[in-house]
Amino acid sequence: MTVLDERPPAFQDVAEPRVIDPGLPTADRTFRGVVRVIGLFVLLLTSAIGIFLGLQAVPTLQKYGLSFFTETQWEPRSNTVGIAAVFVGTIEVALVALAVGFPLALLTALFISEYAPPRLKSSLVSLVDLMAAVPSIIYGLWGFMVLQPHAIHLSRWLATYLGWIPIFHVDTDATSASWQQSSFTASAFIAGLAVSLMVIPLACAVMRGVFALAPLGEREAAFALGSTRWGMVRAVVLPFGRGGIIGGTMLALGRALGETIAVLLIISPTFDIKWNILSVGTNTFSALIAGRFGEATATQLSALLTAGFILFAMTIAINTVAAIFVNRSRSGAATEI
Amino acid sequence: MAISPSLESITEPTPLDAAAGASHGATLEADSITAWFGSNRVLDRVSLTMPSRTVTALIGPSGCGKSTFLRILNRMHEQVPAAKLAGEVRLNGDDIYSPGHRITDTRRRIGMVFQKPNPFPTMSIAENVTAGLKLTGTRISRGDRDDLVERSLRRAGIWDEVKDRLDALGGALSGGQQQRLCIARSLAVDPDVLLMDEPCSALDPTSTRRVEQTIEELRDDVTIVIVTHNMQQAFRVSQQCAFFLAEQGTPGVIIESGRTEDIFGSPTDPRTEDYVNGRFG
């Protein structure tokens, strides 16, 4: 026998929540479906690349084991293959690019968002974006033909006056009248200079975007206290934009690690771990792969792909950290009441 | 454009001026201020004297140019691109727009409290109070700084509520406390004039009462000009009142100004009477 609950419906016990039909119009359903498929496809593609590289890496890693990470030489014919040298070279080139690119990107972003006259702003933004549109082969050629002959003088100056710092040391007499110019060419430093030009627009765009979001209320508060513009930038814009500065720099680092063709054109490949960035010769993951890919046998190809997998993992990790920083910044969150 | 008869009374010294005696604060005079945004004229030859030891309330319906007028008084108007103005603003007789007056000095002497509380969220309560010194490059010893923090927070009527957590972030306070922190921050640079742009419009009644008390306590040291949409507030806090109006696409003007009890009790212009009695706006 069923017991009738005589309380009004609102007070009756509910066993399960009611199923509610979202009642979406067909247009919304269709659009949602299309967007979902495309979004998943992109995710799938990225994962597929990672999985492909990972699978390719298995036989190589099985064959060489840990020595793949400690060996500096890359001589598949004599069965010695390792990424220690290219790992160091890649980091060196990327760090030089950041050391030069970071201050330039930061100051350019500050100038565009805080100091440039409103009329000039949009032209400056497109000009910086245009830097990103220049193909990297152009930067490579420019770096090799135009930049290098001049940059070696800077290298020599650094080696002469800061040569006591190990990274600036060069094994030649930099002070002699007829100096060996070839000791300074094709170095990690010069490759890094060329790469810095490629990462500036990326870092600059991220930083500028975050600076522009610094709340007007806080800017005006600073000005109303008698602040100079620089004081306002330090008190409001930079603290607000910290996440964007870090995130933009990390994205730039990710880009710098993977840059290939410009580096390949400039460097002369060596396979030694070198800490002196000014002297001739270095190597990076991507330059190694691009340089050896054409004549590789199946085993060598697998080894190159393993190097690619490691580069892939490095950039994914860096970009993830960058994304976390950008999202964590106060962007858009003004003072809450 | 009809100039209301009461306009003449503006430039005459009010009785309050005489009562002030030895001056605390400063007298601010706006002389024939006209303002534009682009080619759009929003104020037309507005003149008003804001004497020391007096709270001046600017009232009027939205869009009549009160806030623009207020922002002209400490050169915040020119922050807006395409904003222009004519006329003079004199602080103790000196035109703040004349060449040779540094904009940063002017803004330090004429402080501003905004409609929405805007403490610096990454700074502590104490750092917020001394932010003006840091921003203007004024050095201060550690002991003096602690004194200044306490004195400013006391003047803003918030010391007792925050004295145990001066290192907490300014953004963690309630809206009313944030606004009083902003008042303390403005007071810490020792301004002669404090401009307040609807300082209580985002606050609850209790916080509003607290801010009004603060205004009352500050009146003797600082000349205060306050924009408000709340007639009761204007009546409660001010000694002098100016009624702004912009009729049908014409720029804003002051219809009537004078002692607050006169504006509310026996206005000479019927439009003023309608407005203060809540019949429009």
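So the values come out like this:
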read-out: Residue tally, condition within 27 Å of B:LYS134 (Cβ to Cβ) and within 9 Å of chain A (Cβ to nearest Cβ), over the range B:76-101; value: 2
read-out: Pairs, first free of Cβ contacts under 8 Å to residues at least 24 places away in the same chain and over 26 Å from A:LEU216 (Cβ atoms) in the range A:236-254, second in a helix (DSSP H, G or I) and not β-branched (Val, Ile, Thr), C-beta under 9 Å, six or more apart; value: none
read-out: Residue within the range B:157-174 that is farther than 25 Å from B:ILE215 by Cβ, within 14 Å of chain A (Cβ to nearest Cβ) and either in contact (Cβ under 8 Å) with a residue 40 or more places away in the chain or touching a helix residue (DSSP H, G or I) at 6+ places or on another chain (Cβ under 7 Å) (or both) present; value: yes
read-out: A:GLY143, sole failed condition from (1) small (Gly, Ala, Ser); (2) surrounded by 16 or more Cβ atoms within 10 Å (Cβ to Cβ); (3) free of Cβ contacts under 8 Å to residues at least 12 places away in the same chain; value: (3)
read-out: Test for B:PRO121: is it closer than 28 Å to B:VAL237 by Cβ and in a loop (DSSP other than H, G, I, E, B); value: no
read-out: Test set (1) touching a Phe, Trp or Tyr at 6+ places or on another chain (Cβ under 9 Å); (2) touching a residue at least 24 places away in the same chain (Cβ under 8 Å); (3) in a helix (DSSP H, G or I); (4) surrounded by fewer than 24 Cβ atoms within 10 Å (Cβ to Cβ) - A:GLY209 fails condition number; value: (1)
read-out: Residue satisfying condition, being more than 13 Å from the chain's Cα centre (by Cα) and of a type in the set (Lys, Arg), within set B:ARG71, B:ARG107, B:ARG102; value: B:ARG102
read-out: Condition broken by A:VAL237, with the remaining ones in (1) buried (at least 17 other Cβ atoms within 10 Å of the Cβ); (2) more than 14 Å from every other protein chain (Cβ to nearest Cβ) satisfied; value: (2)
read-out: Candidates A:VAL100, A:VAL81, A:VAL88 - the one that is at pLDDT 90 or above, aliphatic (A, V, I, L, M), touching a helix residue (DSSP H, G or I) at 6+ places or on another chain (Cβ under 7 Å) and closer than 30 Å to A:SER187 by Cα; value: A:VAL100
read-out: Every pair of residues 6+ apart whose Cβ atoms lie under 8 Å, when the first sits in the range A:161-185 and is more than 26 Å from A:GLY140 (Cβ to Cβ) while the second is of a type in the set (Val, Ile, Thr) and outside any loop (DSSP other than H, G, I, E, B); value: A:ALA174/A:THR160; A:THR175/A:THR160
read-out: Among the candidates B:GLN115, B:GLN79, residue that is touching a Phe, Trp or Tyr at 6+ places or on another chain (Cβ under 9 Å), among the polar types (S, T, N, Q) and either closer than 21 Å to B:VAL227 by Cα or surrounded by fewer than 20 Cβ atoms within 10 Å (Cβ to Cβ) (or both); value: B:GLN79
read-out: Any hit, the range A:213-231, residues being crowded, with 24+ Cβ neighbours inside 10 Å, more than 11 Å from chain B (Cβ to nearest Cβ) and in a helix (DSSP H, G or I); value: no
read-out: Unmet requirement for A:LEU162, which otherwise passes all of (1) surrounded by fewer than 21 Cβ atoms within 10 Å (Cβ to Cβ); (2) at pLDDT 90 or above; (3) within 22 Å of A:VAL88 (Cβ to Cβ); value: (2)
read-out: Residues within the range A:173-189 that are closer than 14 Å to A:GLY281 by Cβ and buried (at least 17 other Cβ atoms within 10 Å of the Cβ), tallied; value: 7
read-out: Test: residue in the range A:291-298 that is under 22 Å from A:GLN148 (Cβ atoms) and at pLDDT below 90; value: yes
read-out: Identity of the residue in the range B:257-281, outside any helix (DSSP H, G or I) and either touching a Lys or Arg at 6+ places or on another chain (Cβ under 8 Å) or without any contact (Cβ under 8 Å) to a residue 60 or more places away in the chain (or both), that ends up surrounded by the most Cβ atoms within 10 Å (Cβ to Cβ); value: B:PRO267
read-out: Of all residues making up the range B:196-232, the number that are of a type in the set (S, T, N, Q) and over 21 Å from B:VAL276 (Cα atoms); value: 5
read-out: Filter result (closer than 14 Å to B:GLY65 by Cβ and not aromatic (Phe, Trp, Tyr)) within the range B:230-247; value: B:ALA242, B:LEU245, B:ALA246, B:GLU247
read-out: Residues located in the range B:60-118, provided they are closer than 28 Å to B:SER174 by Cβ and part of a loop (DSSP other than H, G, I, E, B); value: B:SER62, B:ASN74, B:MET76, B:PHE114, B:GLN115, B:LYS116, B:PRO117, B:ASN118
read-out: Out of A:THR46, A:THR108, A:THR90, A:THR72, sole residue that is outside any helix (DSSP H, G or I) and not aliphatic (A, V, I, L, M); value: A:THR72
read-out: Options B:THR106, B:THR122: the member that is in contact with a helix residue (DSSP H, G or I) (Cβ under 6 Å, 6 or more places away or on another chain) and modelled with pLDDT under 95; value: B:THR122
read-out: Yes/no for B:LYS134 being surrounded by fewer than 17 Cβ atoms within 10 Å (Cβ to Cβ) and either touching a strand residue (DSSP E or B) at 6+ places or on another chain (Cβ under 6 Å) or within 14 Å of another protein chain (Cβ to nearest Cβ) (or both); value: no
read-out: Among (1) surrounded by 16 or more Cβ atoms within 10 Å (Cβ to Cβ); (2) part of a helix (DSSP H, G or I) - the single one A:LEU278 does not satisfy; value: (2)
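The values are calculated or read from the model by the stated rules, or taken from the named source; none is laboratory data. What you are looking at is a predicted structure, and each value in this text was computed from that prediction instead of being measured. Reconstructed Cβ throughout: ideal geometry from the backbone, glycine too, with neighbour counts over all protein chains shown.
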